[in-house]
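The values are calculated or read from the model by the stated rules, or taken from the named source; none is laboratory data. Only a predicted model underlies this, so the values are computations on that prediction, with no experimental measurement involved. Glycine gets a Cβ as well: all are built from the backbone with ideal geometry, and neighbour counts include every protein chain shown.
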Amino acid sequence: MAVRHYTNLTIDRSEDLIFGRAPHPVTCGHDLTIGAGTVYPEINFTLPPMEVTESTMPAVLDQYQKIIDGVCQRAVDLQVPGLVVEFELLPPMTIEPAWGESIVALLRRALDGYHDKHGLKIALRATPTDVRDGERPVRRRSGRYWEAMRDSFRRCVSAGADMLSIESTGGKEASDDALLQCDLQTMLVALGVLGARDMAFLWDEIGEACKGTQCLSAGDTACGFANTAMVLADRKMIPKVFAAVVRTLSTVRTLVAHEHGAVGPTKDCAYEGPYIKAITGVPISLEGKSAACAHLSSIGNIAAATADLWSNESVQNVRLLGGDAPVVSLEQLAYDCRLMNIAAADGADAARMLRDWLVRSDAALDPQAYVLTPDNVIRVARAIVEADGAFARSRETIAVTLDILREGATDGPLHLNDREKHWLDMLQMQLEMIPTDEEAAIKAACLGTKPDLVPGAYEIDDDKL
Amino acid sequence: MTETTDAPKDILANIAQCVQTGKADANMNIPMGSKGQPGVAEWVDQAIAKDVPPQTILAEGLMAGLQVIGKKFAANEVFIPEVLIAARAMHAGMNKLKPLFAEQDMPSRGTFVMGTVQGDLHDIGKNLVCMLLEGAGWRIIDVGVDCAPEKLVAAIKEHPDCAVGLSALLTTTMVAMGKAVSAIRESFPDKTVIVGGAPVTEEFAKEIGASGYAPDPSAAIDLLDRLQPAA
């Protein structure tokens, strides 16, 4: 597959980085064009506590049928301008690809019905699980889990998915410990070397699965890395400045999907999406305050500032006072989108005013929000495209992010307490010790001590460890 | 650092202090500028040379230092990496003490068998619990992710005095957690089994017959202290 190298920004002015508009919109599903001026809700849901086995599959299908009928009917009632439904397969539904396929088919039929009956513009995103770490050490490019994933990609496409995504986890064998130890060097290698190499392999496969079909090769997310960091920081286990650096660093990894053909929209939990949008121009999905049903965050408003789809991440199908949780969640998203779309309808100045309120309400309070201001997004994205190769880009991303945070805390509005400032200095020292040569950095990361890591899965010879 | 005398109490205080700052040995430059100054390993050598009993070095030097850092973590005064650095420094001292203890006498808070339940591949919550409990003096048997009940029962048979921890991160694997607890209870009705993970609640823990619920990794330490007090 031809690889596209981004050496310039597609959006190079922060004023042009705004919700609802992407330079390269995509059209999919039933008449849904994403990134052409309207922000649409993207609803996601999961099962209540129940097993997923062959014998429970009828009950599982029944759950999904009720959920999809509920959310689509509410979407019609609220007259949403369009809707994306995301189905994130649970691990057993990927390991047994036929189970995932049957749910995609069920959702497809439901979406077709609501389109035919009500004219609802609607599209379906399917997201198989990266189950490759079901066996340890993790082979990544072979074995029954990988074969199940490949099969799942194809079955989701043939069953009617309009977009294919994944939350891939290449590099996690090294990143989990690095996150807990705030080990910047290993984190860089995990994301900028291992993750990037795995993404190239994986997104060529996803591209093949989508080739010649109705299904878009959409986008990935560094959820298993940067969102893990975000949650750990929220629970005060690791510094927020480290989580902010991991976020920007994860962009380099996620970008590889687009170098290998992904056209967007990016996955909702990819908070690195704004950098991807600036670099590639593809539409992005994001989540924030209305995803608190799935996880807490300190970027609830600012995440909406550049979103083209607005998601709830996931919600269990449980009963709330207002109705079933997915229906309640859809309603919250619908109203969030209405506000953004009415601002956009009042013209570019009004849209930017709302965007800036979304940005300013979060930016000074948390470094993870601060790195997402449009100005800082452009600055980080520019550093990425000006460097050559994933490793060099990763190193540059860390450097510019630390500069942004230091400047923000020193002369700007960013509030950092003493503990966070101390860690900013620690991270700077760590950066200065990271070799500038990729092979030396791989050696320094001591990957040989990671019991689950198979070097060959990342094109690394054993003697290079 | 405590005013340096060669009095055993000062040496023990220095061990505790070095554990807190994570200075494992003289070669480490943590805290910055301390390279060449003695760390845990060197202070433990001095304590041994002064005939301080190894149990005292462990309790009043190494564990005392780690307990301080554990309390700071619980009070949100330090982050996990600082706890891990302290635990690593403590291990530098433990390595010096090991030869002085007969294998069976090596003091330990107890054995803790920890796993993520069947069908669930999440590592990091399990790893955090393991790290913090190890720092609190527990011997950890990490049985990994996607653990079938039989695997857990086999691990308990191998370590009959252990306490057990189970983690689940998905609503659809909470059911597997219930099955794991049932399987454990069948063979070991009185076994201490604690549970945790994003979708797990106190009520759910009671419902499946677990001994207790820890909402976060550091809560697991206190919970085990209550359920299975140190001898």
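Structure notes:
- Test result for residue B:74, small (Gly, Ala, Ser), within 14 Å of chain A (Cβ to nearest Cβ) and closer than 29 Å to residue A:419 by Cβ: yes
- Looking only at the stretch B:184-225, and only at residues there that are of a type in the set (D, E, K, R) and within 15 Å of the chain's Cα centre (by Cα), the one that is farthest from the other protein chains (Cβ to nearest Cβ): B:225
- Of the residues screened, residue A:359 is not one that is within 24 Å of residue A:436 (Cα to Cα), part of a helix (DSSP H, G or I) and among the aliphatic types (A, V, I, L, M).
Here is a yes/no grid of residues against (1) assigned by TED's automatic domain parsing to the domain that holds residue B:42; (2) within 15 Å of the chain's Cα centre (by Cα); (3) in contact (Cβ under 8 Å) with a residue 60 or more places away in the chain:
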position: B:90; (1), (2), (3): yes, yes, yes
position: B:117; (1), (2), (3): no, no, yes
position: B:138; (1), (2), (3): no, yes, yes
position: B:149; (1), (2), (3): no, no, no
position: B:155; (1), (2), (3): no, no, no
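- Test: residue A:250 is in a strand (DSSP E or B) and surrounded by 24 or more Cβ atoms within 10 Å (Cβ to Cβ): no
- Look at the stretch B:198-215: where a residue is without any contact (Cβ under 8 Å) to a residue 60 or more places away in the chain and a partner is part of a helix (DSSP H, G or I) and polar (S, T, N, Q), sitting 6+ places away or on another chain with Cβ atoms under 8 Å, you get B:199/B:171; B:208/B:182; B:209/B:182.
- Residue within the stretch A:118-134 that is at pLDDT 95 or above, surrounded by fewer than 23 Cβ atoms within 10 Å (Cβ to Cβ) and of a type in the set (Gly, Ala, Ser) present: yes
- Search result, residues across the stretch A:144-153 that are surrounded by fewer than 20 Cβ atoms within 10 Å (Cβ to Cβ) and more than 14 Å from every other protein chain (Cβ to nearest Cβ): A:147, A:150, A:151
- Leading residue by the ranking (surrounded by the fewest Cβ atoms within 10 Å (Cβ to Cβ)) among those in the stretch A:173-220 that are among the aliphatic types (A, V, I, L, M) and more than 19 Å from residue A:249 (Cβ to Cβ): A:209
- Some residue of the stretch A:228-239 being within 14 Å of chain B (Cβ to nearest Cβ), under 26 Å from residue A:423 (Cα atoms), aliphatic (A, V, I, L, M) and assigned to a loop (DSSP other than H, G, I, E, B): yes
- Single residue of the stretch A:98-117 satisfying the filter (surrounded by fewer than 16 Cβ atoms within 10 Å (Cβ to Cβ) and among the small types (Gly, Ala, Ser)) that is farthest from the chain's Cα centre (by Cα): A:113
- The residues in the stretch A:98-130 that are among the basic types (Lys, Arg), assigned to a helix (DSSP H, G or I) and under 19 Å from residue A:77 (Cα atoms) can be counted, and the count is 1.
- Scanning the stretch A:336-356 for residues that are assigned to a helix (DSSP H, G or I) and either among the aliphatic types (A, V, I, L, M) or loosely packed, with under 14 Cβ neighbours inside 10 Å (or both) yields a total of 12.
- Checking each residue in the stretch A:321-347 for being under 25 Å from residue A:235 (Cβ atoms) and touching a helix residue (DSSP H, G or I) at 6+ places or on another chain (Cβ under 6 Å) picks out only A:332.
- Residues in the stretch A:441-452 that are surrounded by 12 or more Cβ atoms within 10 Å (Cβ to Cβ) and without any contact (Cβ under 8 Å) to a residue 24 or more places away in the chain: A:443, A:448.
Residues checked against (1) away from chain B (no Cβ under 14 Å); (2) charged (D, E, K, R):
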site: A:74; (1), (2): yes, yes
site: A:80; (1), (2): yes, no
site: A:101; (1), (2): yes, yes
site: A:131; (1), (2): no, no
site: A:136; (1), (2): no, yes
site: A:139; (1), (2): yes, yes
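So that you can scan it fast, the table gives a plain yes or no per residue for (1) in a helix (DSSP H, G or I); (2) away from chain B (no Cβ under 14 Å):
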{"site": "A:179", "(1), (2)": "yes, no"}
{"site": "A:191", "(1), (2)": "yes, yes"}
{"site": "A:201", "(1), (2)": "yes, yes"}
{"site": "A:208", "(1), (2)": "yes, yes"}
{"site": "A:212", "(1), (2)": "no, yes"}
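- Candidates B:88, B:109, filtered to the one that is basic (Lys, Arg) and under 20 Å from residue B:55 (Cβ atoms): B:109
Table: residues versus (1) on the phi > 0 side of the Ramachandran plot; (2) touching a Lys or Arg at 6+ places or on another chain (Cβ under 9 Å); (3) of a type outside the set (Gly, Ala, Ser).
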{"residue": "B:116", "(1), (2), (3)": "no, yes, yes"}
{"residue": "B:130", "(1), (2), (3)": "no, no, yes"}
{"residue": "B:136", "(1), (2), (3)": "no, yes, no"}
{"residue": "B:158", "(1), (2), (3)": "no, no, yes"}
{"residue": "B:172", "(1), (2), (3)": "no, no, yes"}
{"residue": "B:177", "(1), (2), (3)": "no, no, yes"}
{"residue": "B:190", "(1), (2), (3)": "no, no, yes"}
{"residue": "B:193", "(1), (2), (3)": "no, yes, yes"}
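- Looking only at residues in the stretch B:104-137 that are among the polar types (S, T, N, Q) and away from chain A (no Cβ under 14 Å), the one that is farthest from residue B:58 (Cα to Cα) is B:111.
- The one condition from (1) charged (D, E, K, R); (2) outside any helix (DSSP H, G or I); (3) within 14 Å of chain A (Cβ to nearest Cβ) that residue B:23 does not meet is (3).
- For the residues A:366, A:375, the requirement of being in contact (Cβ under 8 Å) with a residue 40 or more places away in the chain, within 23 Å of residue A:281 (Cα to Cα) and acidic (Asp, Glu) singles out A:375.
- Within the stretch A:161-177, the residues that satisfy the criterion of being acidic (Asp, Glu) and within 13 Å of chain B (Cβ to nearest Cβ) are A:167, A:173, A:176, A:177.
- Failed item, numbered, when residue A:70 is tested on (1) over 23 Å from the mean Cα position of the chain (by Cα); (2) in contact (Cβ under 8 Å) with a residue 40 or more places away in the chain; (3) within 14 Å of chain B (Cβ to nearest Cβ); (4) under 18 Å from residue A:325 (Cα atoms): (3)
- Residues (at pLDDT below 95 and hydrophobic (A, V, I, L, M, F, W, C)) located in the stretch B:1-23: B:1, B:7
- Residue that is nearest to the other protein chains (Cβ to nearest Cβ) [pool: residues in the stretch B:138-160 that are touching a Ser or Thr at 6+ places or on another chain (Cβ under 6 Å) and of a type outside the set (A, V, I, L, M)]: B:139
- Residue that is farthest from the other protein chains (Cβ to nearest Cβ) [pool: residues in the stretch B:161-179 that are buried (at least 20 other Cβ atoms within 10 Å of the Cβ) and in a loop (DSSP other than H, G, I, E, B)]: B:162
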